[in-house]
Amino acid sequence: MLAAARPAVPPGSAPDAEPLALYVHWPFCLAKCPYCDFNSHVRDRVDAARFGRALRAELAGEAARSGRRRLLSVFFGGGTPSLMPPDLVAGILEDARRLFDAPPELEVTLEANPTSVEAAKLRAFREAGVNRLSLGVQSLEEESLRFLGRQHSAGEAVAALEQARATFPRLSFDLIYARPGQSEASWRAELRRALALAADHLSLYQLTIEPGTRFATEHARGAFALPADDDAAAMYTATAEEAARFGLLPYEVSNYARPGAESRHNLAYWRYGDYLGIGAGAHQRLELGGALLAARRHRAPESWLSLVEREGHARVEETALAPEERGREALLMGLRLAEGIDPARVERRSGRPFADLVEPAVLEACLEEDYLRWSPEGRLIATTEGRLRLDAMLPALLR
């Protein structure tokens, strides 16, 4: 078993290093959604205290390696982190503030589902230090919620949103569109209802069929069909139009926020910053000794737990990324942002000239078609039409 729940502050300090975003993964759910390919697991019983000690021990080990860096954000994801005991969330946040240089206004996000069981704990999470809630609403239509395998009703979703809005200074929620049988008109109506609930941030995702999910099996045998590509694209355009009516702008392909309410944690990913990931299956990117190390942890919760208790961590793979791979990742992430990428930062993070990372003929063609554009400040930005085509464009653009 783990001996230390309250780690000491690491002696080293790294004032010039990249600041960190911290991700904490809680892999357990009440049920597995048919569209979900995240590392989530259903268990009859979870020893939360034991898993909590392991999370705190793994965090202490990573902090000892990274040095005392500035902490940008903490994000509790899953799985369903709102199934965690609030005092465990408080303990992890206490450790994070001790181990890193955290600002008083540190962004702390926790994902939750709008079931009545989870909604009853929201005030306790606020008292634990969470100041930004992300609710997995997914739909406000009863039939769609059943199709998506959600455990809540539309009424529960609205009630949870209202309670969350009264409890947390910042609120985001997720919706899924381009569902079977959905039209642009019905999506606009549903989205207007959602936007009227006054969140400052929305994540709006097109339904996709992920390999290995139940939906992948059902879709392959013809149990349901998704809207045609043109119809899905029209819904994407409608999404931006409706969000703009309520003052939410698309700062990333699938994320909309009022100015200043963007997710600082997710911006750290898209801007290709350093991030720590603790918990079963968590990934991370951490610059140490001039190398950018990509690591992942064991996916199976019980195996992860045993490894941490035995070795202090559950990293099962860690590699130093080659400069070309670093440049590729920076471009793949950054071009999803409305602000685009700063070539000088990409060069610093990759160690390669920007011109060596892209195919010049493809870049020129994308600029001519107005899929990409240079801003007056010298940033490379994907236009609205370009963001619609990113998945097809990027493999050709990147070397």
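The values are calculated or read from the model by the stated rules, or taken from the named source; none is laboratory data. Values in this document were obtained by computation on a predicted structure and should not be read as measured data. In this analysis, Cβ positions are derived from the backbone assuming ideal geometry, glycine residues included, and neighbour counts consider all displayed protein chains. Ligands, DNA and RNA are excluded from the accessible area calculation, which covers all protein heavy atoms including side chains. Shrake-Rupley method; radii C 1.70, N 1.55, O 1.52, S 1.80 Å.
The lone criterion from (1) in a helix (DSSP H, G or I); (2) open to solvent by 30 Å² or more (accessible area, probe 1.4 Å); (3) farther than 17 Å from Arg132 by Cβ; (4) in contact with a strand residue (DSSP E or B) (Cβ under 7 Å, 6 or more places away or on another chain) left unmet by Ala232 is number (2).
One residue stands out among those in segment 305-325 that are of a type outside the set (Asp, Glu), assigned to a helix (DSSP H, G or I) and without any contact (Cβ under 8 Å) to a residue 40 or more places away in the chain: the one that is nearest to Trp270 (Cα to Cα), which is Pro323.
Taking first residues from segment 143-172 that are over 12 Å from Ala112 (Cα atoms) and partners that are acidic (Asp, Glu) and open to solvent by less than 60 Å² (accessible area, probe 1.4 Å), the Cβ contacts under 8 Å between residues at least 6 apart in sequence or on separate chains come to Arg170/Glu107; Arg170/Asp200. Summed over segment 193-229, the residues that are closer than 21 Å to Ser134 by Cβ and open to solvent by 50 Å² or more (accessible area, probe 1.4 Å) give a count of 6.
So which residues in segment 215-251 are under 22 Å from Glu143 (Cα atoms) and either of a type in the set (D, E, K, R) or in contact with a Cys (Cβ under 8 Å, 6 or more places away or on another chain) (or both), if there are any at all? Correct list: Glu218, Arg221, Asp231. Contact map, segment 30-49: residues that are polar (S, T, N, Q) paired with residues that are assigned to a loop (DSSP other than H, G, I, E, B) and surrounded by 15 or more Cβ atoms within 10 Å (Cβ to Cβ), Cβ distance under 7 Å, separation 6+ or inter-chain. Pairs shown: Asn39/Pro27; Asn39/Ala280; Asn39/Gly281; Asn39/Arg299; Ser40/Pro27; Ser40/Gly79.
Note on segment 24-57: residues that are of a type in the set (A, V, I, L, M) and part of a strand (DSSP E or B) amount to 2. Given the criteria in contact with a helix residue (DSSP H, G or I) (Cβ under 9 Å, 6 or more places away or on another chain) and of a type outside the set (A, V, I, L, M, F, W, C), does Glu324 qualify? So Glu324 passes the test. Looking across segment 158-191, the residues that are of a type in the set (Lys, Arg) and under 16 Å from Ala234 (Cα atoms) come down to Arg179, Arg188. In this structure, is Leu394 over 18 Å from His283 (Cα atoms) and either in a helix (DSSP H, G or I) or touching a Phe, Trp or Tyr at 6+ places or on another chain (Cβ under 7 Å) (or both)? Against the criterion (over 18 Å from His283 (Cα atoms) and either in a helix (DSSP H, G or I) or touching a Phe, Trp or Tyr at 6+ places or on another chain (Cβ under 7 Å) (or both)), Leu394 qualifies. Residues that are assigned to a loop (DSSP other than H, G, I, E, B) and acidic (Asp, Glu) within segment 326-353 comprise Glu339, Asp342, listed in sequence order. Looking at the structure I just gave you, is Val74 in contact with a strand residue (DSSP E or B) (Cβ under 9 Å, 6 or more places away or on another chain) and in a strand (DSSP E or B)? In short, yes.
Filtered by the rule that a residue be closer than 30 Å to Ala216 by Cα and open to solvent by less than 20 Å² (accessible area, probe 1.4 Å), segment 34-64 gives Pro34, Asn39, Ser40. Just to verify a result, which residue in segment 87-128, among those that are in a loop (DSSP other than H, G, I, E, B) and within 27 Å of Ala31 (Cα to Cα), is most open to solvent (accessible area, probe 1.4 Å)? By that ranking, first place goes to Ala120.
Counting the residues of segment 9-35 that are hydroxyl-bearing (Ser, Thr, Tyr) and at pLDDT 70 or above gives 2. The condition of being open to solvent by less than 50 Å² (accessible area, probe 1.4 Å) and either of a type in the set (Val, Ile, Thr) or farther than 30 Å from Gly260 by Cβ (or both) does not hold for Ala330. Within segment 177-193, the set of residues being closer than 16 Å to Tyr35 by Cβ and touching a Phe, Trp or Tyr at 6+ places or on another chain (Cβ under 6 Å) comprises Tyr177, Pro180. Is there a residue being among the hydrophobic types (A, V, I, L, M, F, W, C), surrounded by fewer than 21 Cβ atoms within 10 Å (Cβ to Cβ) and either in contact with a Pro (Cβ under 6 Å, 6 or more places away or on another chain) or modelled with pLDDT of 95 or more (or both) anywhere in segment 65-86? There is no residue in segment 65-86 that is among the hydrophobic types (A, V, I, L, M, F, W, C), surrounded by fewer than 21 Cβ atoms within 10 Å (Cβ to Cβ) and either in contact with a Pro (Cβ under 6 Å, 6 or more places away or on another chain) or modelled with pLDDT of 95 or more (or both). The single condition among (1) touching a helix residue (DSSP H, G or I) at 6+ places or on another chain (Cβ under 6 Å); (2) open to solvent by 70 Å² or more (accessible area, probe 1.4 Å) that Glu369 does not meet is (1). Looking across segment 290-311, the residues that are out of contact with any strand residue (DSSP E or B) (no Cβ under 7 Å at 6 or more places or on another chain) and surrounded by fewer than 17 Cβ atoms within 10 Å (Cβ to Cβ) come down to Gly290, Arg299, Ala300, Glu302, Ser303, Ser306, Glu309, Arg310, Glu311.
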